Structure formats: C-alpha cells, structure tokens
1. Using alpha-carbon pairs under 8 Å, 6+ residues apart, how would you state the relative contact order of the chain in percent?
2. For the stretch 203-244, take the alpha-carbon Rg, divide it by the Kirkwood Rh, and send me Rg/Rh.
3. Taking the Cα atoms of the stretch 201-320 alone, what are Rg (to one decimal) and Dmax (as a whole number) in Å?
4. Given the options R249, R100, R267, state which has the largest fluctuation in a GNM of the chain using a 10 Å cut-off (strictly under) for Cα springs.
5. Go through 180-187, 224-231 and give me the packing order, highest mean Cβ count within 10 Å leading.
6. Using only Cα atoms and rounding to the nearest 10 degrees, what angle (0 to 90) does helix 142-155 make with the longest principal axis of the chain?
7. In percent, what relative contact order does the stretch 26-111 have, based on Cα pairs under 8 Å that are 6 or more apart in sequence?
8. Give the residue list of trypsin sites (Lys or Arg not before Pro) in the stretch 109-191 that are DSSP loop and have at most 14 other beta-carbon atoms within 10 angstrom.
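Rule-based calculations on the coordinates, nothing more; no lab input. Because the structure is predicted, anything quoted here is derived from the model rather than measured. Glycine gets a Cβ as well: all are built from the backbone with ideal geometry, and neighbour counts include every protein chain shown.
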Amino acid sequence: MRPLGRSLLALGTLGVLGTGGFLTWKARAVARELVDPPFYRPQPLARVEGTYADLARGGEGDPGGRWEAEEAGGLQLWTLRRSSPARGLVLLLHGFGDDRWGTSPALRWFPEWDAAIFTYRRRDDALRTGAPAPPVTFGARECEEVVRVVHHLESRGLPRRRILLMGRSLGASVGLLALQSLEAEGGGPLGGFIWEGAPLSSRDFAERLVRGPRDRAWHLAAPFIGSWAAEWAGRMGAYDPAETDLIRRVEGPLATPALCFIATEDRLAPAAGQRILASRFRRIRPVEVPTWHLNCAPVLGEGYAAAIREAAAAWAGPGT
C-alpha cells in the first residue's frame, strides 16, 4: 500500500474509533444521569424540618395544619392534616432529581385538602446516610409505589373519589402510569389528576437530553445515543425501558377527571405528546402555556393556582 493510502486508512480508522468512543461516552453519561440525577442532593434535615414548620404555620392563603408521619407499604409518608374537615387528600408526586422536600410547597395550591408526600424508593434517606441510593427507574418502579400508597390510604377509610394526584415533570409520568394501573384494577377512578410536562419515555427523554436546549452539532446521532442510553440505564436500574413508554402504556379511556398544563415550547416534554396523553382521558381540561414545563406556574401567576382550585372543587362536589 502506498504511503498516501496508509495515511488515509489510518485517518479513517482514527475517525471511526473517535466517533465510536464519543458515542459510547455520551450514551454512558446520559444513562448515569437517568438513574442518578447529578444535580440532586438531599437537603439537610434541619432545612427540611424548617420548611415543614413553615408550611404547618400556613400563610399565602393556605391555612396550614399539622404533620403526621407513618410507614405505608415500606415507604415513609408525610401528611399535612388540616384543622378543618378537608375535602379529601392530594398526593403530591415529585419530579426528576427532586424529593418530598422540594415538592412540598405545592400543597399551598390545595388549601381545602389534606396533602401527602413521599420520596420514591426512599432515595433521600439512603443518600443522607451515605448508603448506595436505589436507582431512578423513570416511573417503572416508582408508579408501583404510588399504587401502594393509594391502597394504604384506602385501607384507612379514605374513598378513592376523595384522593387526588398531582405530578409535574417525572412526577406526571409516574402519576399517569400509576393511574392506568389503579383504574385497571377495577376499583373505580380517583378524585382527579393534575399534571404538567410528562416525559414520554426514558428513551425519548434521553434523546432530548442529548439534543439540549438547541440542536447541538451531534443532534443527528441523538436518536441512537438516546436509545442506547435508555437500554443502558434499564440494565443499571433493573427495569425494561418499554415500561416507561407512556404513549403505549397509558391506553385509556381513563375515567379519572384531569387538568393538564401543556407547555407549548417544551423540548423535554413536547406539547404534541402531551396532547396525545390528554386525549386518553374522558374528562380533561388542557391549559396551554407558551413556556417550558415547570415554568407554567410563574407564567400564569395566580391563574395557575386558580385553575387547580377550581378543578379540585368541581371534582369533589359538595360536602367533605
């Protein structure tokens, strides 16, 4: 082989190896982010207790209440009980890289309801003690925990029609998967479901992480990297990525009434997919907002809380 041919072959080989190395590194990095969000750190217990004390005192139109903690199906459930008879209870589901502390202020949107929260797989407890934290499974196992908590609430005498779910970001995906399972049991619908910005699957989310806020230079490889990362994360978390596919798993028609906020400029939870999921409900009010998910509340201002309170009051009907 002539020197020029050998040089071209060497350059081609280096290019292939370099491309393969980059794809492997990127898929591995995204897979790790799916099972262990790098930006999540559990808050010090003193800060958690301070936040809970503030919420118990009330304010900002919320009456406050008293906190109770209990074990529920192997999970630690925290419940804020109102001093006056409540319409029912809202179970707040936290998002990706968050925990019960981060989502607890959302209870102020439900001043006439008791509120309950928990951290999926007790990850915060594990991380505080330095123990290996259970992996995030992108809804595959977390939705089963929501089902267990609902069963626990029912065992305490709370009717399903008095239980609301609210989830944003991954919490919305978890809630949708749990709702599908609960209705498939044949026990009837829940009182209502409020959701915003549900990632469509671990594969879709991984691909969109690769793409970023704007299409990067390697966006053409995003579908391949996203699929590879999702499979890798599934092996790391011992779940099948197909279990996280909302379009396939949430079949409907769901009888639980719903309110959904659709962020029309969202790249991580695209509006087209949210509209498909909304169509799986018999009764739903979609509110479209020109922003990204998790930003609908600041954009709508008081209109966000007003929409939630109006929907929850209509679903509950008269009485407590």
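1. It rounds to 17 percent for the chain.
2. Details: Rg = 10.7 Å, Rh = 10.4 Å.
Radius of gyration over Kirkwood radius for the stretch 203-244 works out to 1.03.
3. Radius of gyration, then largest Cα-Cα span, for the stretch 201-320: 17.2, 58 Å.
4. With Cα springs under 10 Å in the chain, the top fluctuation among R249, R100, R267 is at R249.
5. Numbers: 180-187: 14.2, 224-231: 21.5.
Packing proxy ranking, top to bottom: 224-231, 180-187.
6. 10 degrees
7. On the way: 75 pairs, mean separation 23.8, N = 86.
The normalised contact order for the stretch 26-111 reaches 28 percent.
8. Numbers: sites: R121, R122, R123, R128, R141, R148, R156, R160, R161, R162, R168; in loops: R141, R156.
Here the sparse-neighbourhood loop sites are R156.
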